[in-house]
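This report concerns only the one structure given below.
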Amino acid sequence: MDSDSDEEEEMLPPISEREEWRDVKPLPQDDGPNPVVPIAYTPEFRETMDYFRAVYAADERSPRALKLTTEAIGLNAGNYTIWHFRRLILETLNVNLDDELGFIEKIAERNSKNYQIWHHRRWTAERLGKEATTKELEFTRKILSRDAKNYHAWSHRQWVLQTLGGWENELDYCHQLLEDDVFNNSAWNQRYFVITRSPLLGGLQATRESEVRYTAQAIRANPGNESPWRYLRGLYKGETESFIKDSYISELCLEILRRSTHFVFALSLLLDLLCYGFEPSAEFATLIESEGSSSQSNNLASTICSILEKVDSMRSNYWRWRKGHLPPEIC
């Protein structure tokens, strides 16, 4: 169906040869008397924009003007003025906006990171209201299946959830994405968005215990994956006391330090715990001192910084800075 439509568009005669445009005088682009570097527009693009400028200047909100915006967008989907005028025409003609969603989806297949498309999509969905919820979630799911980190798709999806609803299966969707790719930081971010914003889950405190265990499972499988470590830290945002007192966190760090060579993020989390006042067991000290045998410091936090400075070379300057800015009470 789409291919037939594409062929039909390609076979259209020049606008100047179409009977319905005989009464319109095209308005050429004004580049001034002596353009320094004139843009080499194709004849089709130049003609389409000349006619668009004419109907825009006349504020003609007609079916033919709407069709003209379709052609113009097909040639340049990033032109804000064309999209803006299209919205004015859609409102004036009271067009079926379900059809408009189909048009946007077709354009998005080739321009999924175009700001104008997503702005127009939100405008359209907002006017359709809750009846657009399923379509919008499916639309973003389709885009994300091709590009799992498309910022525009994630932003739109979050807007849909907060504005139109559709929270019921979102946590399962995040889980499926993480099953497919546990390194997908965007999916971890969406999961955090869901547990903190969904009206169905009761908030962070209600979900923390189960989320900590879910995240720990991902960490055990891939200790070198930074995303679940960051997610774990976020589960205690603004609640330092709970972070320090939850023995599950320190035990997880200890487990990773015992058995894995990918211990950078475990050490990093432990350093945060120490800076907040965590009292480590003797086993922590033994494991860390064995790793930092060349360190001249007897301070556990300082030793951790020295180890990280050595093994995490990309952020060595950061760890050196951290070592110089440790809280006085733990130095």
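The values are calculated or read from the model by the stated rules, or taken from the named source; none is laboratory data. As the structure is a computational prediction, the values presented were derived from the model and not from experiment. Here Cβ is always computed from backbone atoms with ideal geometry, including for glycine, and neighbour counts include all displayed protein chains. Areas reflect the complete protein model, heavy atoms only, side chains present, ligands, DNA and RNA absent. Shrake-Rupley method; radii C 1.70, N 1.55, O 1.52, S 1.80 Å.
A few points about this structure:
- Selection status of residue 75, closer than 20 Å to residue 49 by Cβ and more than 26 Å from the chain's Cα centre (by Cα): yes
- Top-ranked residue in the stretch 122-156 [being among the β-branched types (Val, Ile, Thr) and under 12 Å from the mean Cα position of the chain (by Cα); ranked as surrounded by the most Cβ atoms within 10 Å (Cβ to Cβ)]: 140
- Among the residues examined, residue 39 does not qualify as within 22 Å of residue 89 (Cβ to Cβ) and either out of contact with any His (no Cβ under 6 Å at 6 or more places or on another chain) or free of Cβ contacts under 8 Å to residues at least 40 places away in the same chain (or both).
Each row is one residue, and each column tells you yes or no for (1) closer than 30 Å to residue 241 by Cβ; (2) small (Gly, Ala, Ser); (3) free of Cβ contacts under 8 Å to residues at least 24 places away in the same chain.
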{"residue": "134", "(1), (2), (3)": "no, no, no"}
{"residue": "159", "(1), (2), (3)": "no, no, no"}
{"residue": "184", "(1), (2), (3)": "no, no, no"}
{"residue": "191", "(1), (2), (3)": "yes, no, no"}
{"residue": "197", "(1), (2), (3)": "yes, no, no"}
{"residue": "202", "(1), (2), (3)": "yes, yes, yes"}
{"residue": "205", "(1), (2), (3)": "yes, no, yes"}
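- Scope the stretch 233-264; condition under 20 Å from residue 191 (Cα atoms) and either in contact with a His (Cβ under 6 Å, 6 or more places away or on another chain) or surrounded by 16 or more Cβ atoms within 10 Å (Cβ to Cβ) (or both); matching residues: 233, 234, 235, 236, 243, 249
- The single condition among (1) closer than 26 Å to residue 18 by Cβ; (2) part of a helix (DSSP H, G or I); (3) touching a helix residue (DSSP H, G or I) at 6+ places or on another chain (Cβ under 6 Å) that residue 61 does not meet is (2).
- Filter result for residue 38 (assigned to a loop (DSSP other than H, G, I, E, B), touching a helix residue (DSSP H, G or I) at 6+ places or on another chain (Cβ under 8 Å) and surrounded by fewer than 16 Cβ atoms within 10 Å (Cβ to Cβ)): no
- Pick from the stretch 178-199, criterion assigned to a helix (DSSP H, G or I) and of a type in the set (Val, Ile, Thr), ranking: nearest to residue 150 (Cα to Cα): 194
- Helices (runs of 4 or more DSSP H) (entirely within the stretch 231-331) containing at least 2 residues that are in contact with an Asp or Glu (Cβ under 9 Å, 6 or more places away or on another chain) and touching a residue at least 40 places away in the same chain (Cβ under 8 Å): 264-275, 300-311
This table checks each residue for (1) surrounded by 14 or more Cβ atoms within 10 Å (Cβ to Cβ); (2) small (Gly, Ala, Ser); (3) closer than 29 Å to residue 132 by Cα; (4) over 21 Å from the mean Cα position of the chain (by Cα).
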site: 158; (1), (2), (3), (4): yes, no, yes, no
site: 192; (1), (2), (3), (4): yes, no, yes, no
site: 197; (1), (2), (3), (4): yes, no, yes, no
site: 202; (1), (2), (3), (4): no, yes, yes, yes
site: 211; (1), (2), (3), (4): yes, no, no, yes
site: 231; (1), (2), (3), (4): yes, no, no, no
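- A search for C-beta distances below 7 Å between a residue of the stretch 61-80 that is open to solvent by 40 Å² or more (accessible area, probe 1.4 Å) and any residue that is of a type in the set (Val, Ile, Thr), counting only pairs 6+ apart in sequence or on different chains, returns 61/89; 61/92; 71/48; 75/48.
- Residues of the stretch 90-103 classified as surrounded by 14 or more Cβ atoms within 10 Å (Cβ to Cβ) and under 13 Å from residue 126 (Cβ atoms), total: 4
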